[in-house]
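Engineer: The structure follows.
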Amino acid sequence: MLLRPVSRRSFLKTASATTAAVYVARSVPAWAASDRGSVAIQTPLNIFAYSEVELFDSPLKRQFDENHARFLNLDDDRLLKVFRQVAGLPAPGEDMGGWYDLTGFSLERNDFHGFIAGHTFGQHVSALSRAYAVTGSEPTRAKINRLVKGYSETLDPKAKFFVDYRLPAYTYDKLSCGLIDAHEFAHDPMAMDVHEKLTHAITAYLPEKALSRLEQRARPHKDTSYTWDETYTLPENLFLAYQRSGKPFYRDMAKQYLEDDFYFGPLSQGNNVLPFEHAYSHVNAFSSAMQAYITLGSQMHLQAAKNGFEMLVKTQSFATGGWGPDESFGEPGRGQLGDSLALTHASFETPCGSYGHFKITRYLLRVTKDAQYGDSMERVLYNTILGAWPIQADGTSFYYSDYATTGKKVWYGQKWPCCSGTFPQVAADYHISTYLRSADGVYVNLFTPSRVQWNDGSSRYGLKQETKYPFDNKIQIQVSGSQPKEYAIYVRIPAWASPEPVLSVNGQRVSEQVQPGSFAAIRRTWKDGDRIELELPMPLRLEPVDANHPNLVALLRGPLVLFAVADSQPSFDKNSLLQAKATNNATGDWIAQSVEGSSVSMRPFMKIDKESYSTYVLLKA
Ligand SMILES: [Zn+2]
């Protein structure tokens, strides 16, 4: 989040269980197991447990491993230092630096050192907890226990840490997430007690409801002239806390912070109120609407999330799936996306935006079973976050993707920004985004080398994917099972995969129901060793940046945007761009002939390092 200084189970039997109940099988404290919060809606699809999905060697696996190692190796004392300092406890260890420290922030000097002390602590605990759920790593579990205990020692009944704190809701939301995940995924014995104590205390620092931008402007903070706090993102984690603990005060507090008047209400009626809102946090708020639907059964909030997401995709998104130049939404129909290419290098807040995008697409997929949400998720995956540089040991981080006319990857100027909190979370979530489960089977959502395995009674079943997708168009899925069983395997057929995707089982083509933009269902009695093969056509295609700039186009192949590697924006005639030729080089380049007569390398974002590029090129008639 940027503060702009000037302007601005046995799956067939338990598939109907709630997400929360998916994890009930492990040992939980008696109070939690006996008193879990109810939910109103059983979503048609549910996530698998993190431990049920294994990623094999791939860019996804590498990002997960890098992030897990980075935060496992980050010194506990450094992470706890600011909380200990404020509590007056011995605070050994070096300062974290950057946004994380206690002092330094000055709007006048445009200095964001010490912007939001301790803000990512909860996200690091969350990411480690999810990583523990994936790996079962004992050092990871031990670290989570130390961090939760260390944090609890700094927490007094009034949460004095938040006195005069710039963004209490912002940091509370992340602590809430971390403590819920420590409880849920790492079985931390203290986490929910600490969560409850913190939540009771934080209310003294929060407004009485989620504040709209207008209301924020009316409430000055001594450092920033008005409040920038993101109260409207709170309900998602509060509803989850209710589901985990069964304590109704969490549910009631969640309802209190639903921003219905100025956001969800108008969105649910189809009014596009996105323009001028802060991009990431308002996409993240869609997940609060989804939890209001799941927990309370509120159709209005489901409609708000669906409409809001559709407006995001149709009016605010680049070909990469990224959105929100300068972290803001613009007015539809004014050509603001195309204009932004000449105005800013801060085109998409990549790790945070991806994290929010993965969450909302996963929620909408679970509720609607609509393949468009999987398509949207993979667009963001391959064209944004997988091309983000890894977080460095000192907190140096990748923040914005740059879609400017001539762009470059750069490090963000401050250490430990918001994006260092969300990056390890989204990388852990690759596991739960790849497959989903339904009452009658399994959905294959992302194509990446991986395996999902589940138990059904005393039997064990699984699917194993092998593929070089998206650099290759073939996906193989091998079925395993300790005995034959009838169920359905649903395979996402992306909307761009025309004219003729080919799906086969054991070498026999499946002809019915293979429609681009849907999940193809294959129902049969599956036996150990059965094979599914999918071959997706990946024609080259062009997408203009917006309707006002029809000659500024991105070249796409399958889910990949191909960026023109050049020091200045090249021009093409349409046919020569669409006749770009594949090479076999290490960066997966395609080569297109520009009107200037040069051969231009067209390269996926994940393969770009320091070279200059143009996301959009100019079409000459
Ligand atoms: Zn961020």
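The values are calculated or read from the model by the stated rules, or taken from the named source; none is laboratory data. The structure presented is a predicted model; accordingly, all values stated were derived computationally and were not measured. Please note: Cβ atoms are built from the backbone with ideal geometry, for glycine as well, and neighbour counts cover all protein chains shown. Remember, those area values only see protein heavy atoms, side chains included, never the ligands or the DNA or RNA. Shrake-Rupley method; radii C 1.70, N 1.55, O 1.52, S 1.80 Å.
Engineer: Is it true that some residue in the range 220-229 is acidic (Asp, Glu), touching a helix residue (DSSP H, G or I) at 6+ places or on another chain (Cβ under 6 Å), open to solvent by less than 40 Å² (accessible area, probe 1.4 Å) and closer than 22 Å to ALA127 by Cβ?
Structural biologist: Looking only at the range 220-229, we keep the residues that are acidic (Asp, Glu), and these are 223, 229.
This time we only want the ones that are touching a helix residue (DSSP H, G or I) at 6+ places or on another chain (Cβ under 6 Å), so: 229.
Restricting the remaining residues to those that are open to solvent by less than 40 Å² (accessible area, probe 1.4 Å) gives 229.
From what's left, closer than 22 Å to ALA127 by Cβ: none.
Looking for residues that are acidic (Asp, Glu), touching a helix residue (DSSP H, G or I) at 6+ places or on another chain (Cβ under 6 Å), open to solvent by less than 40 Å² (accessible area, probe 1.4 Å) and closer than 22 Å to ALA127 by Cβ, one finds none in the range 220-229, hence no.
Engineer: Give the residues of the range 140-173 that are in contact with a Phe, Trp or Tyr (Cβ under 7 Å, 6 or more places away or on another chain) and among the basic types (Lys, Arg), sorted by residue number.
Structural biologist: Scanning the range 140-173 gives a single hit, ARG141.
Engineer: Residues TYR263, TYR257, TYR242, TYR280: which one is at pLDDT 95 or above and farther than 30 Å from TYR400 by Cα? Lay out the reasoning, then the answer.
Structural biologist: Numbers: TYR263 fails: farther than 30 Å from TYR400 by Cα; TYR257 fails: farther than 30 Å from TYR400 by Cα; TYR280 fails: farther than 30 Å from TYR400 by Cα.
The conditions single out TYR242.
Engineer: Given the criterion within 28 Å of ALA131 (Cα to Cα), β-branched (Val, Ile, Thr), assigned to a helix (DSSP H, G or I) and more than 23 Å from the chain's Cα centre (by Cα), identify the matching residue among THR199, THR233, THR171.
Structural biologist: Working: THR233 fails: more than 23 Å from the chain's Cα centre (by Cα); THR171 fails: more than 23 Å from the chain's Cα centre (by Cα).
Exactly one residue qualifies, and that residue is THR199.
Engineer: Right, next: Is there a residue being farther than 29 Å from PRO417 by Cβ and at pLDDT 95 or above anywhere in the range 315-330? Talk me through it step by step, then tell me what you get.
Structural biologist: Going residue by residue through the range 315-330, those that are farther than 29 Å from PRO417 by Cβ are none.
Checked against the condition, which is being farther than 29 Å from PRO417 by Cβ and at pLDDT 95 or above, the range 315-330 yields no hits at all.
Engineer: Which pairs turn up if I take residues in the range 417-429 that are more than 25 Å from ASP101 (Cβ to Cβ) and of a type in the set (Asp, Glu) and look for partners that are more than 12 Å from the ligand (Cβ to nearest atom) and part of a helix (DSSP H, G or I) with beta carbon separation below 6 Å, at least 6 apart in sequence or on another chain?
Structural biologist: ASP429/PHE358
Rundown of residues vs (1) over 26 Å from the mean Cα position of the chain (by Cα); (2) open to solvent by less than 10 Å² (accessible area, probe 1.4 Å); (3) at positive phi, yes/no style:
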{"residue": "LEU463", "(1), (2), (3)": "no, yes, no"}
{"residue": "GLU466", "(1), (2), (3)": "no, no, no"}
{"residue": "GLN478", "(1), (2), (3)": "yes, no, no"}
{"residue": "SER482", "(1), (2), (3)": "yes, no, no"}
{"residue": "GLU486", "(1), (2), (3)": "yes, no, no"}
{"residue": "LEU503", "(1), (2), (3)": "yes, yes, no"}
{"residue": "ASN506", "(1), (2), (3)": "yes, no, yes"}
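Engineer: In the range 204-230, which residues are in a helix (DSSP H, G or I) and of a type in the set (Phe, Trp, Tyr)? Write out each step before concluding.
Structural biologist: Here is the first cut: in the range 204-230, the residues in a helix (DSSP H, G or I) are 204-205, 213-217.
Within the range 204-230, TYR205 is the sole residue that qualifies.
Engineer: For SER354, work out the one condition from (1) open to solvent by less than 10 Å² (accessible area, probe 1.4 Å); (2) assigned to a helix (DSSP H, G or I); (3) more than 16 Å from the ligand (Cβ to nearest atom) it doesn't fulfil.
Structural biologist: Only one criterion in (1) open to solvent by less than 10 Å² (accessible area, probe 1.4 Å); (2) assigned to a helix (DSSP H, G or I); (3) more than 16 Å from the ligand (Cβ to nearest atom) is unmet by SER354, namely (3).
Engineer: Now a separate question. Do you know which residues across the range 125-170 are touching a Gly at 6+ places or on another chain (Cβ under 7 Å) and either among the aliphatic types (A, V, I, L, M) or surrounded by fewer than 24 Cβ atoms within 10 Å (Cβ to Cβ) (or both)?
Structural biologist: Correct list: VAL125 only.
Engineer: Now for a separate question. Evaluate the following for PHE471: is it assigned to a loop (DSSP other than H, G, I, E, B) and farther than 16 Å from LYS527 by Cα? Even if it seems obvious, please write down each step before you answer.
Structural biologist: Working: assigned to a loop (DSSP other than H, G, I, E, B): yes; farther than 16 Å from LYS527 by Cα: yes.
The answer is yes for PHE471.
Engineer: Going by what's in this entry, would ILE180 be described as crowded, with 24+ Cβ neighbours inside 10 Å and more than 17 Å from SER420 (Cβ to Cβ)?
Structural biologist: Details: crowded, with 24+ Cβ neighbours inside 10 Å: yes; more than 17 Å from SER420 (Cβ to Cβ): yes.
Yes, satisfied.
Engineer: Then there's this: With the condition kept exactly as written, say whether any residue in the range 583-591 is acidic (Asp, Glu), open to solvent by 40 Å² or more (accessible area, probe 1.4 Å) and at negative phi.
Structural biologist: First, the residues of the range 583-591 that are acidic (Asp, Glu): 589.
If we keep only those that are open to solvent by 40 Å² or more (accessible area, probe 1.4 Å) as well, we get none.
Within the range 583-591, none of the residues are acidic (Asp, Glu), open to solvent by 40 Å² or more (accessible area, probe 1.4 Å) and at negative phi.
Engineer: Of the residues that sit in the range 60-80 and are of a type in the set (Lys, Arg) and within 30 Å of MET606 (Cα to Cα), which one is farthest from the chain's Cα centre (by Cα)?
Structural biologist: ARG70
Engineer: Kindly indicate whether LEU89 is within 20 Å of GLN414 (Cα to Cα), among the aliphatic types (A, V, I, L, M) and open to solvent by 10 Å² or more (accessible area, probe 1.4 Å).
Structural biologist: Values: within 20 Å of GLN414 (Cα to Cα): no; among the aliphatic types (A, V, I, L, M): yes; open to solvent by 10 Å² or more (accessible area, probe 1.4 Å): yes.
For LEU89, the condition - within 20 Å of GLN414 (Cα to Cα), among the aliphatic types (A, V, I, L, M) and open to solvent by 10 Å² or more (accessible area, probe 1.4 Å) - is not met.
Engineer: When the residues of the range 320-350 are filtered to those that are over 17 Å from LEU552 (Cβ atoms) and touching a strand residue (DSSP E or B) at 6+ places or on another chain (Cβ under 7 Å), which remaining residue is nearest to the ligand (Cβ to nearest atom)?
Structural biologist: GLU349
Engineer: Check GLY118 against each of (1) under 22 Å from the mean Cα position of the chain (by Cα); (2) open to solvent by 10 Å² or more (accessible area, probe 1.4 Å) and name the one condition it does not meet.
Structural biologist: (2)
Engineer: Of the conditions (1) of a type in the set (Phe, Trp, Tyr); (2) farther than 30 Å from VAL163 by Cβ; (3) open to solvent by 10 Å² or more (accessible area, probe 1.4 Å), PHE64 clears all except one; give me its number.
Structural biologist: (3)
Engineer: Give the number of residues within the range 251-269 that are among the small types (Gly, Ala, Ser) and touching a helix residue (DSSP H, G or I) at 6+ places or on another chain (Cβ under 6 Å). Even if it seems obvious, please write down each step before you answer.
Structural biologist: Step one: list which residues in the range 251-269 are among the small types (Gly, Ala, Ser), which gives 254, 265, 268.
From what's left, touching a helix residue (DSSP H, G or I) at 6+ places or on another chain (Cβ under 6 Å): 254, 268.
Count: 2.
Engineer: I'd like to know if the range 522-540 contains one or more residues that are open to solvent by 40 Å² or more (accessible area, probe 1.4 Å), under 30 Å from the mean Cα position of the chain (by Cα) and at pLDDT below 95. Steps first, please.
Structural biologist: Just the residues of the range 522-540 that are open to solvent by 40 Å² or more (accessible area, probe 1.4 Å), to begin with: 523-525, 527-528, 531, 533, 535, 539.
From the residues that got through so far, the ones that are under 30 Å from the mean Cα position of the chain (by Cα) too are 533, 535, 539.
Among the residues that remain, those that are also at pLDDT below 95 are: 539.
Within the range 522-540, one or more residues are open to solvent by 40 Å² or more (accessible area, probe 1.4 Å), under 30 Å from the mean Cα position of the chain (by Cα) and at pLDDT below 95.
Engineer: How many of the residues making up the range 220-231 are in contact with a Ser or Thr (Cβ under 7 Å, 6 or more places away or on another chain) and within 15 Å of PHE262 (Cβ to Cβ)?
Structural biologist: So the count comes out to 1.
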